[in-house]
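Here the structure is laid out as structure tokens; the discussion comes afterwards.
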Amino acid sequence: MGKLDDGGWDICDDLAYRPGKNCLVYSFGINFDFSFDDAIVKKYGCEVHSFDPSMRRPDHKHGKNVMFHASGLSKDNQSSRGKLWKMRTLKQFLGELGHLNRTIDVLKIDIEEWEWLALPEMIKSGVMSQVRQFDVELHITLKTEPNKNKYFLGLSILKDLYDIGFRIFWTHRNLYCKFNSRVGSVARSGCHEVSFINVNFKPKS
């Protein structure tokens, strides 16, 4: 849904996992591209909350059912060092917006490596049990090839997601994001869009 190239995301439309009545979507990482957010409103009529502290735009209503928040996702509720961005955990956002007892039908995250900080806290806090579908762009690197610890971190987080019920139904390499590998001196994709369904999901509302 959304743009066919960078900016679009895949949604599972099976009856058990498609956005339900009075659906709620959290979309982190906009970069002035609301195509996904607008498309999911058009198809499912969801309430969408879009987040991005980097756009230098105040909180506002973007369009029908889409609210923009000039805030970002992180591991704690402190401002980002050096940028003074308002950062929050997912659980804190749910509390502030009155959604602690709501199902998140779709959670989308594309936040340029901040996912590695945010995801462990999201899993530990238990809020991922409220998520029906999860779309995330995993940034192995934005520049040079990372060391082995970054790969191990990624594998550990994927295992933790699997352990709480998340199963991959689609992946896509983002070819705009490449690095030169030390192995074979070839260009490899550093960013992977991964779509999950939560097989343990039980609706809250």
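Where a number appears in this text, it was derived from the coordinates with a stated rule and is not lab data. These numbers come from a predicted model, not from an experiment. Virtual Cβ from ideal backbone geometry, glycine too; neighbours counted across all protein chains shown.
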Kirkwood Rh in Å, taken over segment 80-160 so that all alpha-carbon pairs contribute: 14.1 Å
Among GLY154, PHE196, TYR26 - extreme Cα towards positive end, dipole of the chain, charges at beta-carbon: GLY154
Extended-chain gain in nm, criterion 0.36 nm per residue less alpha-carbon gap, TYR176 and ASN22: 51.9 nm
DSSP beta bridges in the chain [antiparallel fraction, %, rounded to 5]: 50 percent
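Around SER54, under 10 Å between beta carbons, what's the net of Lys plus Arg minus Asp minus Glu among the other residues?
Within the 10 Å Cβ shell, the charges total +1.
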Paramagnetic reach from GLN78 in segment 28-60 [backbone N under 14 Å; point 7 Å along Cα→Cβ]: none
Theoretical FRET efficiency, 1/(1+(r/R0)^6), r = Cβ-Cβ of LYS124 and ARG56, R0 25 Å, to 0.05: 0.20
Förster radius 35 Å - calculated FRET efficiency between ARG188 and LYS43, Cβ distance, rounded to 0.05: 0.55
Relative contact order computed over the chain (Cα-Cα under 8 Å; 6+ residues apart), in percent: 18 percent
Only Lys, Arg (+1) and Asp, Glu (-1) charged, at Cβ; segment 24-198 dipole about Cα centre in debye: 260 debye
Among 144-151, 17-24, the order from most to least packed when residues are scored by Cβ within 10 Å on average: 17-24, 144-151
Cys residues of the chain counted as unpaired, since no other Cys beta-carbon is under 4.7 Å: CYS12
The chain - Rg over Rh from alpha carbon coordinates, Kirkwood radius: 0.95
Cα long-axis angle, helix 35-44 against the chain (0 to 90 degrees, to the nearest 10): 40 degrees
Computed E for MET67/LEU158 - FRET, C-beta separation, R0 25 angstrom, nearest 0.05: 0.25
